[in-house]
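I have placed the structure first, in the form of structure tokens, so that the comments after it can refer back to it.
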Amino acid sequence: MYDIIIIGSGAGGSIIAYKLADTGKRILIVERGDFVPVEKENWDSEEVFEKNRYTTTELWLDKHGKPFRPGMHYNVGGNTKFYGAALFRLREEDFKEIKHYGGISPAWPITYEDLKEYYLEAETLFHVHGKRGSDPTEPFDSEPYPNAPLPHEPRIQEIVDELQNYGLHPFELPIGVNFKPHETVNAPYILDRFDGFPDAAERKGDAHLCSLAKAMEYPNVDLMTNTKVLKINTDSSGSRVSEILVEQNGETKTISSDLLILCAGAINSAALLLESKNEHFPNGLANTSDQVGRNYMFHQNTALVALYTEPNPTKFGKTFGINDFYHANRGYEFPLGHIQMLGKSDEHQIKADSPVPAPGFTFELMAEHAVDFWLTSEDLPDPENRVTVEDGQIKISYTSNNEKGHHFLKSELIKALKESGKFENFLFKGIYFSKGMDIASPAHQNGTTRMGLAPQTSVLDIYCKTHDLENLYIVDGGFFVSSGAVNPALTIIAMALRVGEHLKNNVLKS
Ligand SMILES: Cc1cc2nc3c(=O)[nH]c(=O)nc-3n(C[C@H](O)[C@H](O)[C@H](O)COP(=O)(O)OP(=O)(O)OC[C@H]3O[C@@H](n4cnc5c(N)ncnc54)[C@H](O)[C@@H]3O)c2cc1C
């Protein structure tokens, strides 16, 4: 019997564990995966991107019932072990209702101010490097980033200068990385193989290293790996969660606790609730609103690779972003979205994303000249975009929405690259290629257990407690009401810090 069980050790679960560790409560973290092995393949992009060595082999279904293998990582630290550690605050406006080309992005029941202090705590905990005020849309904070921004490598600096001359405002990308003393001068080499790779050198600011490892120093905190939660049971009254059913080494058993915090990620948390139906909750646990699994979002995302005549020998390109199109401006009636650099691609990454086969040297040549961008626009909550479970298999029914702004964003970037002086130097007169991310790339998943004031239309209250159950909280990407257009992890981390503090001060004390 534990006081608290936390399901999942990703961004949400690890931070909650960290925040609650010093309460003296008996805490168990249940994680379906293992520690990411430290091995030479950690740095091998063929293994990571072409052979998908670290993603689950589980198959999910799309809306037509066609199976696909999702780019999901089940391991200690969750997806943060592989993320790019671009750690953004949502903008103040993201918490309000905003009109988009595709419809309305709804208001949250909380404001930016409710998360502000936790964003700062999260940036400190995750060693974020950045330059406060350089991003024209970033909310004001008198506190600087905890660490100086990462330097641009020479080729990236050239592109920054060109875009600035063109009239855009490239800014220093906030990145979470924990350098050892004096290492920052060599940052590019140290951070080569970072975005999308596990970091065996343990400098990436991930949830395992920045929070779970600290929680594990407390004797009252246990971690159970390779243990999948199959079902959550309630007591006979149906008002409280009583135990979880887990599978470990092929055997099943139940473990009980007073408080349960579900942090399995937006998709798996929704699936687990739907699989946990009982006589009190015939449509799934915490689902009297019928909202569990609905409003699934994961952003409009495009990877765009521009091929210049001059080579790009950059090791770590992920040092700037562009938010000039984040809000409705520059002649656009509605928001377009956000642009950031990707980690420098190599031939294996380009091959993995190539729509057509080609000889290896083609990909090598392309990679030598490639400059890599990542474009993100908001997708809007739609109740028909949803996670369900069919015979134990996760099904993602998703129809893309709010695409127009994303198309404009892509056109604006291409125009900026062309007109900022170097596009005439693009190989073969202006080559770029791009790939929109489909449902098999659910990296930015969110929205499936959204928060709200009304129990009829939402799953969680403003402290991520389920409306339906006294002792069940959900702290992962599921709580998002709208997706914004920046990466989600810092908001999940900040919310976990906020919920942890609330539990400490108001729930566990009483
Ligand atoms: C390649 C990649 C790059 C990314 N880059 C960025 C970035 O630069 N910036 C950013 O902000 N975000 C980025 N993201 C997204 C970011 O990683 C996620 O937003 C974040 O990790 C989500 O946190 P979470 O707690 O909701 O879920 P997760 O981190 O996915 O954690 C969920 C955990 O629950 C476990 N679990 C699931 N089901 C069960 C079960 N039934 N029983 C037990 N355990 C279970 C999983 O194994 C996992 O460890 C990226 C993601 C990927 C994949």
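Given the structure, is Asn295 in contact with a helix residue (DSSP H, G or I) (Cβ under 7 Å, 6 or more places away or on another chain), part of a loop (DSSP other than H, G, I, E, B), in contact (Cβ under 8 Å) with a residue 24 or more places away in the chain and not aromatic (Phe, Trp, Tyr)?
no
Taking the conditions exactly as written (at pLDDT 90 or above, closer than 26 Å to Gly77 by Cβ and either surrounded by fewer than 21 Cβ atoms within 10 Å (Cβ to Cβ) or touching a helix residue (DSSP H, G or I) at 6+ places or on another chain (Cβ under 8 Å) (or both)), does Arg203 satisfy them or not?
The answer is yes for Arg203.
Does the stretch 436-448 contain at least one residue that is closer than 22 Å to Val241 by Cα, surrounded by 17 or more Cβ atoms within 10 Å (Cβ to Cβ) and either within 12 Å of the ligand (Cβ to nearest atom) or not aromatic (Phe, Trp, Tyr) (or both)? Don't jump to the end; show me each part of the working.
At the first step, the residues of the stretch 436-448 found to be closer than 22 Å to Val241 by Cα are 448.
Those still in the list that are surrounded by 17 or more Cβ atoms within 10 Å (Cβ to Cβ) too: 448.
If we keep only those that are either within 12 Å of the ligand (Cβ to nearest atom) or not aromatic (Phe, Trp, Tyr) (or both) too, we end up with 448.
Checked against the condition, which is being closer than 22 Å to Val241 by Cα, surrounded by 17 or more Cβ atoms within 10 Å (Cβ to Cβ) and either within 12 Å of the ligand (Cβ to nearest atom) or not aromatic (Phe, Trp, Tyr) (or both), the stretch 436-448 yields at least one hit.
Look through Thr288, Thr302 and report the one residue that is polar (S, T, N, Q), in a strand (DSSP E or B) and in contact (Cβ under 8 Å) with a residue 60 or more places away in the chain.
Thr302
Going by the conditions given, is Tyr166 modelled with pLDDT of 95 or more, surrounded by 15 or more Cβ atoms within 10 Å (Cβ to Cβ) and of a type in the set (Phe, Trp, Tyr)? Spell out how you get there, then give the answer.
Values: modelled with pLDDT of 95 or more: no; surrounded by 15 or more Cβ atoms within 10 Å (Cβ to Cβ): yes; of a type in the set (Phe, Trp, Tyr): yes.
No; evaluated as a whole, the condition is false for this residue.
For the list (1) within 19 Å of the chain's Cα centre (by Cα); (2) free of Cβ contacts under 8 Å to residues at least 24 places away in the same chain, I need the number of the one condition that Asn329 fails.
If we test Asn329 against (1) within 19 Å of the chain's Cα centre (by Cα); (2) free of Cβ contacts under 8 Å to residues at least 24 places away in the same chain, just (1) comes out false.
One line per residue, one yes/no per condition, for (1) of a type in the set (Val, Ile, Thr); (2) on the phi > 0 side of the Ramachandran plot; (3) at pLDDT 95 or above:
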position	(1), (2), (3)
Gly102	no, no, yes
Tyr119	no, no, yes
Phe126	no, no, yes
Ser142	no, no, yes
Ile159	yes, no, no
Glu183	no, no, no
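Given the condition of a type in the set (Phe, Trp, Tyr), away from the ligand (no atom under 15 Å from the Cβ) and out of contact with any strand residue (DSSP E or B) (no Cβ under 6 Å at 6 or more places or on another chain), answer yes or no: does some residue in the stretch 214-224 qualify?
The answer is yes; a qualifying residue exists.
Condition check ((1) over 30 Å from Ser256 (Cβ atoms); (2) more than 9 Å from the ligand (Cβ to nearest atom); (3) free of Cβ contacts under 8 Å to residues at least 40 places away in the same chain; (4) under 20 Å from the mean Cα position of the chain (by Cα)) across all residues:
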residue: Ile5; (1), (2), (3), (4): no, yes, no, no
residue: Gly12; (1), (2), (3), (4): no, no, no, yes
residue: Gly24; (1), (2), (3), (4): no, yes, no, no
residue: Glu41; (1), (2), (3), (4): yes, yes, yes, no
residue: Ser45; (1), (2), (3), (4): yes, yes, no, no
residue: Met72; (1), (2), (3), (4): no, no, no, yes
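For residues that are within 16 Å of the ligand (Cβ to nearest atom) and surrounded by fewer than 21 Cβ atoms within 10 Å (Cβ to Cβ), scanning just the stretch 275-300, find the one that is nearest to the chain's Cα centre (by Cα).
This residue is Glu275.
Could you count how many residues in the stretch 104-151 are within 19 Å of His169 (Cβ to Cβ), surrounded by 17 or more Cβ atoms within 10 Å (Cβ to Cβ) and of a type in the set (Gly, Ala, Ser)?
Of the residues in that region, 2 qualify.
Is it true that Leu336 is of a type outside the set (S, T, N, Q) and modelled with pLDDT under 90? Don't jump to the end; show me each part of the working.
Numbers: of a type outside the set (S, T, N, Q): yes; modelled with pLDDT under 90: no.
Taking the combined requirement at face value, the residue does not satisfy it.
Scan the stretch 225-239 residue by residue and report those that are within 16 Å of the ligand (Cβ to nearest atom) and at positive phi.
Listed by number, the list holds a single entry, Asn226.
Which of the residues that make up the stretch 449-495 are over 20 Å from Leu115 (Cα atoms) and within 16 Å of the ligand (Cβ to nearest atom)?
Leu472 - this is the single residue of the stretch 449-495 that is over 20 Å from Leu115 (Cα atoms) and within 16 Å of the ligand (Cβ to nearest atom).
I'd like the full set of residues that are more than 14 Å from the ligand (Cβ to nearest atom), among the charged types (D, E, K, R) and touching a strand residue (DSSP E or B) at 6+ places or on another chain (Cβ under 7 Å), limited to the stretch 81-101.
The answer is Glu97, and nothing else.
Here are some conditions: (1) under 30 Å from Ala270 (Cα atoms); (2) in contact with a helix residue (DSSP H, G or I) (Cβ under 7 Å, 6 or more places away or on another chain). Trp374 meets all but one. Which one does it not meet?
Just one mismatch for Trp374, condition (2).
From the residues in the stretch 315-330 that are under 14 Å from Ala416 (Cβ atoms) and in a loop (DSSP other than H, G, I, E, B), which one is modelled with the lowest pLDDT?
Arg330
The values are calculated or read from the model by the stated rules, or taken from the named source; none is laboratory data. Everything quoted here is computed from the prediction, not taken from an experiment. Glycine also receives a Cβ, built like all others from the backbone with ideal geometry; neighbour counts cover every protein chain displayed.
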